[in-house]
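Visitor: Next up is a structure, given as structure tokens.
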Amino acid sequence: MAELITVLKQIGIGLSLFLRYGYAGMFVLLATAIAYPDQTKAANSAIGPALTATALIVFGAAIYAFHRALVIPVSHLGLCAIFRLCDRKKAPSEVHSPTRYLRNKFGVKCFWRIAAYTCIRYEKDKQGKTFFGDFDRLDVEHAQGNILVMTFSGCIVLLIIRLVAKSSTWDHVNVALALVALVTLIGSYVREFGQHAKECQRLKAADETEVKKVLKANGIPME
């Protein structure tokens with residue numbers, strides 16, 4: 001296992017990516033172990049724990065890429081709707097959403113707001129500091145939010161499999177999956193709202209000239 005950790009560090013997989021990839025792989029392993037305990041145990045014994053852990057990271061990376069491409073954008077739309085509802089009566093400079101603030105303050109066009117936010121978030125100095133604070137810490141905080149969304153997605157997938165593939169009824173397991181999905185969905189929005197509101201406050205305190213410089217350097221169109 002120590003060798004695996006060393007390899008992960010060498011290829012640039014830090015704590016943030018390890019949480020994202022490892023959790024996705026672990027969730028699949030847990031579901032497989034529950035559904036096929038004997039086969040899972042036999043496979044793990046055959047290839048060994050180190051190779052199993054490596055396979056989980058690789059498989060988890062594929063799952064996370066799929067999840068980020070399809071599920072996360074839908075989750076972000078829901079978060080944007082919540083921000084719009086909360087900020088509907090606020091002045092343009094008092095909004096909680098960093099993407100809406102970028103539009104109001106710097107004139108970033110509508111369909112470029114997410115890209116602008118991403119550029120601002122990943123822009124860091126030689127000390128690893130971003131407009132929102134320490135880069136590594138910020139990345140881990142976002143990974144924690146993604147884990148909640150992945151838990152919601154995983155519970156929904158398992159629930160659908162049990163209801164459709166196995167023609168299952170609403171037994172205690174399905175009810176538990178539905179409740180966990182609901183709690184993690186609500187928890188993810190509460191957490192992400194607080195995270196983005198905090199980032200918006202830091203963006204407001206940032207040097208406007210430096211923010212504009214980053215946006216222009218990345219080709220973000222502004223009015």
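Visitor: Taking square-rooted eigenvalues a ≥ b ≥ c of the alpha carbon gyration tensor, is the stretch 143-223 rounded, prolate or oblate, where a/c under 1.5 means rounded and, failing that, a/b exceeding b/c means prolate? Mind showing how you got there, number by number?
Guide: Working: a/c = 5.67, a/b = 2.89, b/c = 1.96.
Judged from the Cα gyration tensor, the stretch 143-223 comes out prolate (a/c at least 1.5, a/b above b/c).
Visitor: Further, regarding this structure: Would you tally the net charge around ASN146, using a Cβ to Cβ cut-off of less than 11 Å, leaving ASN146 out, and scoring K and R as +1, D and E as -1?
Guide: So the environment of ASN146 carries a net charge of 0.
Visitor: How much FRET efficiency would the formula 1/(1 + (r/R0)^6) give for LEU30 and GLN127, where r is the Cβ-Cβ distance and R0 is 45 Å, rounded to 0.05? Intermediate results must be reported in sequence, preceding the final value.
Guide: Values: r = 39 Å, r/R0 = 0.86.
Calculated value: 0.70.
Visitor: Cross-link list LYS89/LYS204; LYS89/LYS129; LYS129/LYS204; LYS129/LYS212: which exceed 24 angstrom alpha carbon to alpha carbon? Show your work: numbers first, answer last.
Guide: Details: LYS89/LYS204 19 Å; LYS89/LYS129 33 Å; LYS129/LYS204 16 Å; LYS129/LYS212 17 Å.
Check vs 24 Å cut-off fails for LYS89/LYS129.
Visitor: Based solely on its DSSP helices, what 222 nm [θ] is calculated for the chain when runs of n ≥ 4 H residues each add -39,500 (n - 2.57) and the sum is averaged over all residues, nearest 500 deg cm²/dmol? Don't skip to the end; give the middle numbers.
Guide: Working: 9 runs with 168 residues, N = 223.
So the helix-based figure for the chain works out to -25500 deg cm²/dmol.
Visitor: If a/c stays under 1.5 just call it rounded; otherwise compare a/b with b/c (prolate if a/b is bigger, oblate if not). Do that for the chain, with a ≥ b ≥ c from the square roots of the Cα gyration tensor eigenvalues.
Guide: Details: a/c = 3.02, a/b = 1.57, b/c = 1.92.
Judged from the Cα gyration tensor, the chain comes out oblate (a/c at least 1.5, b/c at or above a/b).
Visitor: Under the rule of at least 5 residues apart or a separate chain, name every residue whose amide H is placed under 5 Å from the amide H of VAL108.
Guide: For VAL108, the qualifying residues are ARG103, GLU223.
Visitor: Please give the residues of the stretch 109-130, grouped as numeric ranges, whose backbone N is less than 20 Å from a label point set 7 Å along the Cα-to-Cβ vector of ALA217.
Guide: 109, 113-130, by backbone N distance to the label point.
Visitor: Right, something else. Once whole DSSP H runs in the chain are found, which of them have Cα atoms spread over 27 Å or more along the helix axis and a mean Kyte-Doolittle score of at least 0.0? Please report the intermediate quantities before stating the final value.
Guide: Values: long enough: 15-35 (29 Å, 1.57); 49-86 (48 Å, 1.53); 135-160 (37 Å, 0.98); 172-205 (50 Å, 0.43).
Taking the DSSP H segments of the chain (at least 27 Å long, mean hydropathy at least 0.0), we get 15-35, 49-86, 135-160, 172-205.
Visitor: Below 15 angstrom from the Cβ of LYS105, what's the summed charge of the other residues (Lys, Arg +1; Asp, Glu -1)? All intermediate terms of the calculation are to be shown ahead of the outcome.
Guide: On the way: positive: LYS90, ARG100, ARG103, LYS109, ARG113, ARG202, LYS204, LYS212, LYS213, LYS216; negative: ASP87, GLU94, GLU199, ASP207, GLU208, GLU210, GLU223.
Spelling it out: positives minus negatives among the neighbours equals +3.
Visitor: Say R0 is 22 Å: what FRET efficiency, to the nearest 0.05, do VAL71 and THR169 get from their beta-carbon distance? Working shown, then result.
Guide: Details: r = 27 Å, r/R0 = 1.22.
Taking R0 as 22 Å, the efficiency between VAL71 and THR169 is 0.25.
Visitor: In addition: Which shape class, rounded, prolate or oblate, goes with the stretch 19-58 when its Cα gyration tensor gives a ≥ b ≥ c as root eigenvalues, a/c under 1.5 marks rounded, and past that a/b bigger than b/c marks prolate? Intermediate values should be presented prior to the final figure.
Guide: Working: a/c = 3.57, a/b = 1.25, b/c = 2.86.
Oblate, because a/c is 1.5 or more while a/b does not exceed b/c.
Read the figures in this text as sums done on the coordinates, not as results from a lab. In this text the structure is predicted, and so the values were computed from the model without any measurement. Note that each Cβ is placed from the backbone with ideal geometry, even for glycine, and that neighbours are counted across all protein chains shown.
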